[in-house]
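*Asks:* The structure under discussion is supplied below as structure tokens; questions concerning it will follow.
The numbers here are math on the coordinates, done by the rules we state, and not lab data. These numbers were taken from a predicted model, which means no experiment stands behind them. Glycine also receives a Cβ, built like all others from the backbone with ideal geometry; neighbour counts cover every protein chain displayed.
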Amino acid sequence: MRNITGFIFISLLLLGCKKEDPVGPTLTDLYGQFEIVEPLSHNKPDGVDFTKDSVQFKGEWTIVTPWKITIKGKRSGAVKTITGKGKTLDTLVGVWNGTADGIFFKLEECDVKLSFDNQSDIQTSSVKILGKHDYSKDGYIIESFESPITLTGGSYTTLNVRENTLDTIPEGEYYYHLEGTEPGQAATKGPASWFIGALPNPFKAKSTLGKTYFPFKDADTTTVYINFFVYGYGYPNTKILISAPEDDNGDGVFSSTTEDSYGYEYIVTSAGWHKVSIPLSEFSHSIIWIDDVPYKYGNNKKEISKMMEISISLVSDGKIPSPKVGCAIDFFIITKGKPL
Amino acid sequence: MKKISLLFVISTVVVAGAIAQNPKVQFNGVARGNIENSWLPPGDTTNIDQKNKGNVLLDLGMNIKPNEFMRINTTLRFTNEFGGFWGQGAAIKLRNISMKGVAGKFFKYQLGDIDMQMTPYTFYNSDGDANVNEAEVFKTMRDLPEEENFNNLNSWRQQGAHVISRLGFDKGIKYTDIEGFIVRNRYSSQSLFPDRLQAGARAVFNITDKSFVGFNYVNLFDVPGTLPRDSVEKLQNQVATANFNVDVKLFYLFGEAGYSGLKNQDSTGAATTDITGELFDMGLGRKLFNDQFTIEASYRYVSDDFYSSAAQSKRLDYTATPALLSSVTNTTYTRGIGLIDILRDETIYNQKINAGLMAYDPRYNNVTPYGKATPNRKGYTGNLAYKDSTDRFATGVSAEILTDARGEGTESLRNYNLVRWYGNLNIHRIFNLKKTLALNGGFLYTTTTRKETTTIKVPDVDFKTQTLDLGAEIELLKRFDLLLGTKMNVANGLDYLSVRDEFNQVTDFTKYDIDDAQNIYSAAFRYRFNDNITLKLQGNYYEYKDKMNSANNFDIKQVFLLFNMRF
């Protein structure tokens with residue numbers, strides 16, 4: 001009995017003495033002293049061609065902390081911000097594929113800055129862009145305005161020109177500049193807009209993709225985006241109208257009096273270039289006003305799987321007279337899964 | 001094997017007494033009236049400066065004996081908040097109801113509200129914080145929120161069923177108590193989560209009046225079928241232990257050992273959590289000088305993954321906001337729970353057994369915040385206690401020298417030291433005075449340390465707390481007492497507190513760096529009409545000092561008049 005008791009006692013003591021790995025995250029990762037172990041660098045010291053490559057940033061430090069890489073183009077002024085949390089950049093998070101937060105990078109030298117939350121250390125580097133990111137792989141480019149093009153104007157259009165005079169250009173070397181006047185309109189029922197200009201042809205799935213409809217699924221309405229850049233000159237009452245008719249009956253032809261059309265009016269407010277991304281879920285059913293009577297045609301169901309084309313036009317708010325309406329636009333692209 | 005004749009013994013003294021008495025309905029209860037005024041210092045120009053409140057309540061208890069084998073206990077509460085006259089503030093609530101009785105002279109049962117308690121590792125409501133033999137003036141304060149929350153010694157008030165039976169033996173074992181219970185821990189809520197029940201059983205084999213061997217089992221579990229959808233999400237926490245207290249020659253051996261299991265399965269039935277932990281606690285003791293002097297020493301190991309919901313749930317909810325003047329100083333910050341709230345605020349008390357480890361305040365006890373069942377502790381405990389047989393004085397000191405059982409965030413282990421002293425001096429008994437003159441005191445000192453080693457590049461853990469209780473009870477005139485008391489708590493240093501997910505897994509650490517002090521000074525005049533009726537006028541002064549940021553300093557003054565009657 002005494003031996004058994006002693007055996008049990010010793011066994012239990014040994015149980016209490018076994019060494020195990022510590023629980024929880026490593027304290028040094030959380031609260032240790034911050035030190036740079038490996039300074040900021042990347043794998044493209046001679047430059048990067050984003051048409052076929054990407055940049056892997058490298059760096060290591062002693063504690064887990066939020067970090068931020070800021071890349072700024074010296075010529076374009078484009079900015080890309082990459083953020084993460086950890087002890088190293090040598091992961092998928094620390095990869096740059098040439099995209100930008102706003103206006104796009106050009107073939108240029110870029111300054112790279114690595115900073116940390118609650119730490120004063122800043123690491124710097126530079127990257128040379130030898131080839132720009134190919135956005136045609138990210139979605140369906142509607143129009144980039146790099147090739148000569150003239151938009152369709154209207155009676156009140158005063159300026160309708162492809163330009164490159166602004167200090168910054170979002171993509172490539174050209175953008176499009178449209179302006180007009182807004183004569184105003186007597187009070188009437190329903191909205192009234194004056195046409196200023198539009199892309200000469202709708203962006204059709206048939207001509208660009210060889211298919212009747214765009215390859216969208218109805219379930220992806222919230223994750224399919226129309227993206228573009230717009231430059232406001234500070235003129236009020238300027239709207240970009242995007243329309244997307246649907247072939248409800250599947251006959252390959254859109255009928256405006258029997259089938260759905262959805263649209264979005266983007267009101268240009270601020271001055272300067274802005275990147276705009278609108279999910280198709282925010283498009284609303286188009287209303288046709290006939291003799292001051294609103295009409296909604298179609299089955300009233302948003303079915304982006306039946307979208308055949310996208311039209312883009314510049315209009316004004318017809319109720320308020322304005323001597324000038326207008327804006328500059330650049331790079332229209334449809335993306336799936338996430339905004340540009 | 002010799003034949004053992006079994007005797008079925010009924011241990012319900014009250015039932016036996018009731019049989020002798022005859023009346024079918026008996027009344028008892030508590031009547032209480034309270035008027036209270038609390039205020040912040042004049043320099044506070046931002047917050048609400050004063051709070052007045054008062055109420056009168058009557059807890060009317062009824063013991064109904066429909067027959068000799070059954071009793072029904074119920075308590076109705078009639079309450080009226082001051083300022084709510086003409087019935088506008090009045091309320092009638094059912095405070096508790098239970099039925100108990102004896103079935104077939106074989107087992108005793110209870111249905112409804114039950115007070116459950118087993119061992120410190122299985123089903124146990126550990127004592128409240130910041131109490132190291134506190135003064136009478138504080139005891140009578142703390143009694144109210146503890147009574148409001150049904151804190152009866154170390155039991156948990158639950159709702160369910162409880163049965164107990166006692167078997168007597170002629171030889172070997174003197175008698176065996178067998179009990180079982182099932183209680184509801186949580187109601188299912190629409191489609192969100194299922195019912196949660198807790199069941200347990202215990203068998204105690206009493207060898208002599210003092211020696212026993214016991215087996216204990218508790219299981220907290222979800223019932224997925226109580227959701228209106230096909231769900232198999234289920235949490236389960238089981239604890240099984242064996243405990244004993246055995247006389248061996250001049251000493252007695254005591255101990256408990258067992259394991260715990262925490263399992264969870266998600267909606268697909270896949271096991272997302274499956275954790276087992278273990279504990280053992282063993283010691284020996286000796287009583288000397290006609291049991292006046294007790295000395296004990298023990299060793300315990302509680303693994304870091306030992307989880308026992310009913311033993312580790314805390315009496316206080318440290319995530320609650322105090323009800324009394326919670327916004328303080330001209331920076332209008334919301335103060336945390338302080339000494340004055342622990343003594344007076346019933347809203348911060350917790351009645352629920354929680355599946356996960358609850359938040360605790362390291363200032364009051366960073367060594368054993370969940371009592372003996374605190375996970376991730378191993379080490380030695382020693383107790384010395386002396387109580388004079390004529391109740392003239394009593395004193396005791398206990399020490400715990402513990403370490404982590406497993407490193408947290410690092411391989412190095414924390415070292416924990418706890419020293420507790422208490423002393424009571426009944427001067428009136430020493431000098432045979434006619435009027436009561438008693439002094440009492442208590443002191444708790446804890447340290448938590450972890451030294452930097454080559455593997456650690458973080459600051460050392462070095463955290464100390466001190467809690468002091470001093471009190472005096474002076475009978476000025478017959479039945480007219482002056483009660484004095486002071487309670488102080490000082491905490492300073494640095495530790496890294498674990499942040500845990502719903503399954504108690506450590507996911508993060510927060511830096512806890514503090515240097516503060518709290519004091520509460522109280523004085524009261526109490527008139528005892530008799531042993532059951534008292535009238536007390538008390539003043540409290542509570543101050544908090546943050547030595548790292550004096551802008552957080554504040555104080556609260558309080559005066560209240562309390563009438564309390566039991567019948």
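*Asks:* List the longest stretch of chain A that has no exposed loop site; here a site is one of the GluC sites (Glu not before Pro) assigned by DSSP to anything other than H, G, I, E or B, with at most 12 other Cβ within 10 Å.
*Replies:* Numbers: sites that count: A:20, A:35, A:173.
That would be A:174-340.
*Asks:* Next up: Taking H as built 1.01 Å from N, whose amide H comes closer than 5 Å to the amide H of residue B:458, not counting residues under 5 places away?
*Replies:* none
*Asks:* A further question on this structure: Peptide A:26-35: average number of partner chain Cβ atoms within 10 Å per residue? Show your work: numbers first, answer last.
*Replies:* On the way: counts 7, 15, 6, 3, 7, 10, 4, 3, 0, 1.
Taking the mean over all residues of the peptide, I get 6.
*Asks:* Angle, helix A:2-17 long axis vs. longest principal axis of chain A, Cα atoms, 0 to 90°, nearest 10?
*Replies:* 40
*Asks:* Within 10 Å, at most 16 other Cβ atoms, and a DSSP state outside H, G, I, E, B define an exposed site. Report the longest part of chain A free of exposed trypsin sites (Lys or Arg not before Pro).
*Replies:* Result for the longest clean stretch: A:76-188.
*Asks:* While we're here: Trypsin sites (Lys or Arg not before Pro) within segment B:94-150: which are DSSP loop residues with at most 16 other Cβ atoms inside 10 Å? Could the numbers behind the result be given before it?
*Replies:* Values: sites: B:95, B:100, B:105, B:108, B:139, B:142; in loops: B:105.
Listed in order of number, the matching sites are B:105.
*Asks:* Using the structure shown, select from B:108/B:249; A:80/A:137; A:72/A:132 the pairs with a Cα to Cα distance greater than 24 angstrom.
*Replies:* Over 24 Å apart, Cα to Cα: B:108/B:249.
*Asks:* Order the peptides B:318-329, B:387-398, B:403-414 from the highest to the lowest mean number of other Cβ atoms within 10 Å of their residues.
*Replies:* Ranking the peptides B:318-329, B:387-398, B:403-414 by packing returns B:403-414, B:318-329, B:387-398.
*Asks:* A further question on this structure: Between residue B:477 and residue B:82, what FRET efficiency follows from the Cβ-Cβ distance if R0 is 45 Å, with the result rounded to 0.05?
*Replies:* It comes out at approximately 0.90.
*Asks:* Another question about this same structure. Taking a threshold of 32 Å on the Cα-Cα distance, which of the pairs A:58/B:457; B:174/B:287; B:139/B:174 fall above it?
*Replies:* B:139/B:174
*Asks:* Quantify how much of the Cα-Cα distance distribution of segment B:450-517 extends past 14 Å, in percent. Show your work: numbers first, answer last.
*Replies:* Details: 1670 of 2278 pairs.
Beyond 14 Å sits 73 percent of the P(r) for segment B:450-517.
*Asks:* Right, next: Assuming R0 = 25 Å, what is the FRET efficiency of residue B:293 and residue B:249, from their Cβ-Cβ distance, to the nearest 0.05?
*Replies:* E between residue B:293 and residue B:249, to the nearest 0.05, is 0.90.
*Asks:* If you plug each phi of segment B:257-265 into the Karplus form 6.51 cos²θ - 1.76 cosθ + 1.60 with θ = phi - 60°, what whole-Hz ³J(HN,Hα) values come out, in order, with x for Gly and Pro?
*Replies:* In residue order, the calculated couplings are 8, x, 9, 9, x, 10, 10, 9, 10 Hz.
*Asks:* Identify, among B:465, B:430, B:443, the residue whose Cα sits farthest towards the positive end of the charge dipole of segment B:362-482, taking +1 on the Cβ of Lys and Arg and -1 on the Cβ of Asp and Glu, with the dipole about the Cα centre.
*Replies:* B:430
*Asks:* How many nm is it between the label spots at residue B:49 and residue B:92, if each spot is 7 Å from the Cα in line with the beta carbon?
*Replies:* Each label point is offset 7 Å from its Cα along the Cβ direction, giving 4.2 nm.
*Asks:* For a quick check: sort B:281, B:266, B:305 by the number of other beta carbons within 10 angstrom, fewest at the front.
*Replies:* The order, fewest Cβ neighbours first, is B:266, B:305, B:281.
*Asks:* What are the semi-axes of the equivalent ellipsoid of the protein assembly as shown, taken as the square roots of 5 times the eigenvalues of the Cα gyration tensor, listed largest first and rounded to whole Å?
*Replies:* Three semi-axes, in Å: 72, 35, 32.
*Asks:* Next question, about the same structure. Per DSSP helix of 4 or more residues, -39500 (n - 2.57); summed, then divided by the residues of chain B. What does that give at 222 nm, rounded to the nearest 500?
*Replies:* Numbers: 5 runs with 36 residues, N = 567.
After summing the helix terms and dividing by residue count, I get -1500 deg cm²/dmol.
*Asks:* Starting from the Cα of residue B:536, draw a straight line to each of the aspartates and glutamates and keep only those under 17 Å, dropping any in the same chain fewer than 8 residues away.
*Replies:* Reachable aspartates and glutamates: B:36, B:136, B:143, B:473, B:475, B:481.
*Asks:* Multiply the residue separation of residue B:215 and residue B:508 by 0.36 nm, subtract the distance between their alpha-carbon atoms, and state the gained length in nm to one decimal.
*Replies:* Working: separation 293, 0.36 × 293 = 105.48 nm, distance 3.62 nm.
Gain on stretching residue B:215 to residue B:508: 101.9 nm.
*Asks:* Using only DSSP helix segments of four residues or longer, with each worth -39500 (n - 2.57), what per-residue ellipticity at 222 nm results for chain A after dividing by its residue count and rounding to 500?
*Replies:* Calculated from helices alone, the mean residue ellipticity at 222 nm is -2000 deg cm²/dmol.
*Asks:* Report the calculated FRET efficiency for residue B:170 and residue B:109 (r = Cβ-Cβ distance, R0 = 22 Å), to the nearest 0.05.
*Replies:* FRET efficiency, residue B:170 to residue B:109: 0.25.
*Asks:* In peptide B:408-418, what is the residue-averaged number of other protein chain Cβ atoms found within 10 Å of each Cβ? It would help to have the intermediate numbers written out before the result.
*Replies:* Working: counts 5, 10, 5, 5, 2, 2, 0, 0, 0, 0, 0.
Per residue, the average neighbour count from other chains is 3.
*Asks:* So which aspartates and glutamates pass the test for residue B:105, namely a Cα distance under 13 Å, with those fewer than 8 places away in the same chain ruled out?
*Replies:* Hits, sequence-local ones excluded: B:68.
*Asks:* Of B:428, A:42, how do they rank once you tally other Cβ atoms within 10 Å and put the fewest first?
*Replies:* B:428, A:42
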